[in-house]
Amino acid sequence: MKHLYVHLPFCRTPCAYCDFASEPFWPHFRAGRVERYLEALQEELIERTGPGSASGGIFRTIYLGGGTPTVIPPDLLVALVRYLAAWLERPSDAPTASGEAEFTAAGVADVPELPEFTIEANPGTIDAHLLERLAEAGISRLSLGVQSFAPALRAALGRRVSQKEIEDALTAVSAVGWREWNLDLVFGIPGQTRVDAFADVDAAVAAGPTHISLYDLTYTQAYRTRVDVTLGVGARSAADAFAEQHYSEVVARLEASGYRRYEVSNFALAGHECRHNLAYWRGEDYLGIGASAVSTIGGERRTNPRSAGEYLARRPAQVELLSPKTKMWEKAMLGLRTSDGVEEAAVLPVVDGVARDRLLAQGCLERRYGKLRLNPGFLDVSNTVIGALLVPPGES
Ligand code: SF4
């Protein structure tokens, strides 16, 4: 188990489309629950890693997500980062790129496997001084949630972040000179036009991140419910139709700017892929701590209680046993969403051979270096192709 996810569930204010476990920060802070939560995280980490591991040095990637981790007071956040950074492998222990040849064999980017420590942040909660402190404490990668550069579209998302806060955040990132950073955008916002979508992509590219995530909002359940209730099903259908029609154009624009699509919703300059997320998509084990965090280790999946209150009350995690076939199906499903694809021999029992041969003949699928992958032109309809190719574990 080389990968750790840490969840901080606090945000300034809730966003209308949010599917994540997030709660308003101030009531928790005033009640002293934020400090208790941070202590509980450290206790859980020690409990879950077993005796003898408290000295750390065991994770290759750590992802501190939320919520908005940067909403908590800087001194508390920096102390948490410093504590977690001690659990990262030392760079001298990490294998070199030559030991991880999957990308080079496919003729794609050469990805050095240095320890990676990502923090999620939102405009309005960071400045250059905090970023410098976080970098000094051990953060190597920043993920900034912009979502849209257009005030009206952010308003449609119920996202209370001002234009100045976005500009200040980008100025701070540039002043500190982050080597690895992601900018989040969302697509398919009700009212968004093709021109708006292009303008967001162009503004994101101009900011110079090494990685851009472009999430199709129409897939989030919170969004679907909210739009249906507030604007009517017609508005959602219009946004869905817009997304279907223009997503590929937006993708082409990103790729023309040098951002390679290495997963359905994720784009990176060569060598700047997110190694933590790649571990999920390759079916590797990971430990998740904090409210709502999920862990998948061996044949067991544990999901922590969703709210901070339940987590602090030590409500037990839900435990699901995963059969080898379920794990294989998940590995195939996630791997096929990446440009790298999935090792065919490793997932053969969940592949419908007749469908595979038909999809290969139709050009939807490709076979390269022993891997099956979607033809890049079919990533936009990945759910349909993957649904046709894979046999759900309960049906075989
Ligand atoms: S900032 Fe992010 S995590 Fe927080 S409510 Fe908004 S979308 Fe959800």
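The values are calculated or read from the model by the stated rules, or taken from the named source; none is laboratory data. What you are looking at is a predicted structure, and each value in this text was computed from that prediction instead of being measured. When we count neighbours, we look across all protein chains shown, and the Cβ atoms used for this are built from the backbone with ideal geometry, even at glycine. Ligands, DNA and RNA are excluded from the accessible area calculation, which covers all protein heavy atoms including side chains. Shrake-Rupley method; radii C 1.70, N 1.55, O 1.52, S 1.80 Å.
A few comments on the model shown:
- Contact annotation: residue pairs with Cβ atoms under 6 Å, 6 or more positions apart or on different chains, pairing a residue in the range 2-27 that is over 15 Å from A291 (Cβ atoms) with a partner that is more than 8 Å from the ligand (Cβ to nearest atom) and of a type in the set (K, R), are K2/R60; T13/R160; A16/R226.
- Restricting the range 349-361 to residues that are assigned to a helix (DSSP H, G or I) and among the β-branched types (V, I, T), the residue that is nearest to L321 (Cα to Cα) is V350.
- The residue that is nearest to the ligand (Cβ to nearest atom), counting only those in the range 104-127 that are of a type in the set (S, T, Y) and at pLDDT 95 or above, is T125.
- Restricting attention to the range 53-100 and to residues that are open to solvent by 50 Å² or more (accessible area, probe 1.4 Å) and of a type in the set (G, A, S), the residue that is modelled with the highest pLDDT turns out to be A79.
- Condition check for N383 on (1) in a strand (DSSP E or B); (2) over 30 Å from E47 (Cα atoms): one failure, at (1).
- Residue list for the range 273-294, filter: under 30 Å from R260 (Cβ atoms) and of a type in the set (S, T, Y): Y280, Y286
- Of the criteria (1) outside any strand (DSSP E or B); (2) modelled with pLDDT of 95 or more; (3) within 24 Å of N277 (Cα to Cα), which one G377 fails: (2)
- The set of residues in the range 1-15 that are more than 10 Å from the ligand (Cβ to nearest atom) and open to solvent by 70 Å² or more (accessible area, probe 1.4 Å) comprises M1, K2.
- Scanning the range 16-39 for residues being over 19 Å from I119 (Cα atoms) and within 8 Å of the ligand (Cβ to nearest atom) gives a total of 1.
- Complete set of residues in the range 252-272 that are outside any loop (DSSP other than H, G, I, E, B), open to solvent by 10 Å² or more (accessible area, probe 1.4 Å) and either touching a residue at least 12 places away in the same chain (Cβ under 8 Å) or within 26 Å of A346 (Cβ to Cβ) (or both): R253, E255, R260, R261
- Residues satisfying the stated conditions in the range 362-374, i.e. without any contact (Cβ under 8 Å) to a residue 24 or more places away in the chain, surrounded by 12 or more Cβ atoms within 10 Å (Cβ to Cβ) and outside any loop (DSSP other than H, G, I, E, B): R367
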